[in-house]
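Structure in structure tokens, see below.
Please treat every number below as a calculation from the coordinates, not as lab data. Please read these numbers as outputs of a predicted model, since none were measured by experiment. With ideal geometry, Cβ positions are generated from the backbone for all residues, glycine too; neighbour counts draw on all protein chains shown.
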Amino acid sequence: MTRIAFIGLGNMGGGMAARQVVGGREVMAFDLAEAAVKRAVKAGATGASSVAKAVDGADAVITMLPAGPHVRKVYDEHILRHAPKTALLIDCSTIDVESARAVAKQAREEGYRFADAPVSGGTAAADAGTLAFMVGCEEKDFADIEEALKPMARVVIRAGDHGAGQAAKICNNMLLAISMIGTCEAFALAERLGLAPDRFFDIASKSSGQNWSLTTYSPWPGVGPVTAADRNYEGGFATAMMLKDLKLAQEAAGKSGASTPLGAQAEAIYALFDRLGYAGKDFSAVLQLLRGDLASLKS
Ligand code: NAD
């Protein structure tokens, strides 16, 4: 695996393409934004002037695009028309399960191997090559996909067949949102009851309320490990990104008939927080909404 075409060089894709260069691959990079291509070239990639030019002679094509419609369009109009049939096609964007399956079907019908491989971990993990990949693909293709993703990955896990990677991603993030809101509500109630946040943290961390949002990603500044809360909720996982994933989860729940009342509530709470102007804040900042102290986020 030597030649990688990388399409979509934004906040995530830029760092991921650079990791492929560090991993010794020849990277052909394309993005609609010229500045993004320039950044990739500075990191050691070769800039391409179109998707067609980027995928020419590629062993693997990796896409990191905003949403389902972008992925469908780039595959339909460009990749499936120009990539060699031997190229391994991997979409790492977070998109709806339906689009992932539709693209997989189209790619398979054209004779390609395809995987949906969304990631967990933000831009810091993309830059460091420590992303977790959740892969939906045919079992026989997994070893090659893992090899292609290796320079960008801390771990690569096969979730199942096509679409299963996206399903794993939205189910995980729905659970994360619910557990974060629950953790924030518990902190807010503890405060009203006169319980010191650090005392509550120590007790709940060792009791049945223990969960990742509490012990690893504490939303209360100065309590637990250093987290986004200690940087006034800057960096980390933006509310807008969480809201996007919750919308995908609700859309999938509606279409599949799954009952997700807490997921629906989580979406409503993050939609409100987003509309109030906090789209760029880390998702754990929702603590301040629930405490009724949004003013603290402005400082
Ligand atoms: P971004 O908006 O920074 O980057 C997307 C890039 O795609 C942009 O540079 C844009 O110009 C490019 N693009 C759009 N249409 C294109 C086309 N037709 N051809 C070529 N390039 C095109 O977004 P991001 O933050 O890098 O996120 C990318 C994906 O990763 C999204 O699906 C997002 O949900 C997911 N994701 C993001 C994070 C995060 O923390 N940012 C974490 C996990 C997953």
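Based only on other Cβ atoms within 10 Å, what is the fewest-to-most ordering of 171, 184?
171, 184
With only Lys, Arg, Asp and Glu charged, each at its Cβ (+1 for the first two, -1 for the last two), find how big the charge dipole of the range 3-162 is about the Cα centre; round to the nearest 20 debye.
In total the dipole reaches around 380 debye.
What order do you get for 270, 278 when you list them from fewest to most C-beta neighbours inside 10 Å?
278, 270
May I ask what percent, to the nearest 5, of DSSP beta bridges between residues of the chain are antiparallel?
15 percent
Hey, which aspartates and glutamates would be in cross-link range of residue 247, C-alpha to C-alpha under 15 Å, not counting anything within fewer than 8 residues on its own chain?
Qualifying aspartates and glutamates at Cα under 15 Å: 96, 98, 267, 274.
Between 0 and 90 degrees, rounded to the nearest ten: what's the tilt of helix 239-256 against the longest Cα principal axis of the chain?
Roughly 80 degrees between the two axes.
Turning to a different aspect of this structure: Can you find, among 287, 259, 207, the residue farthest towards the positive end of the dipole of the range 165-299? Put +1 on the C-beta of Lys and Arg, -1 on that of Asp and Glu.
After comparing all options, I get 259.
From the phi of every residue in the range 271-284, what ³J(HN,Hα) in whole Hz does the Karplus formula 6.51 cos²θ - 1.76 cosθ + 1.60 yield, where θ is phi - 60° and glycine or proline is x?
The phi angles translate into 5, 5, 4, 4, 5, 6, x, 10, 4, x, 6, 4, 5, 6 Hz.
Moving to a separate point now. Which value, in debye to the nearest 20, describes the size of the charge dipole of the range 167-298 about its Cα centre when Lys and Arg Cβ atoms bear +1, Asp and Glu Cβ atoms bear -1, and nothing else is charged?
Around 160 debye, computed over the range 167-298.
Just want to confirm a number: the relative contact order over the range 3-162, from Cα pairs under 8 angstrom separated by 6+ residues, in percent.
21 percent
With 20 Å as the limit, write out which pairs from 53/169; 73/105; 38/244; 85/140 have Cα-Cα distances beyond it, or answer none.
Listed pairs above 20 Å: 53/169; 38/244.
Helix 164-192: angle to the longest alpha-carbon principal axis of the chain, degrees 0 to 90, nearest 10?
20 degrees
Right, something else. Roughly how tilted is helix 97-109, in degrees to the nearest 10 and between 0 and 90, from the longest Cα axis of the chain?
10 degrees
Another one. Would you mind checking which residues have amide H under 5 Å from residue 158's amide H? H placed 1.01 Å from N; only 5 or more apart, or other chain.
Result for residue 158 returns 135.
So if I place +1 on the C-beta of Lys and Arg and -1 on the C-beta of Asp and Glu, and nothing else carries charge, what would the dipole magnitude of the chain be about its Cα centre? I want it in debye, nearest 20.
Roughly 300 debye, rounded to the nearest 20.
Going by how many other Cβ atoms sit within 10 Å of their own, how do 157, 79 line up, fewest first?
Arranged by neighbour count, lowest to highest, 157, 79 become 157, 79.
Listed highest first by mean packing, meaning other Cβ atoms within 10 Å per residue, what order do 282-293, 6-17 come in?
6-17, 282-293
List the residues whose amide H sits under 5 Å from the amide H of residue 88, counting only those 5 or more places along or on another chain, with H placed 1.01 Å from N in the peptide plane.
60, 61
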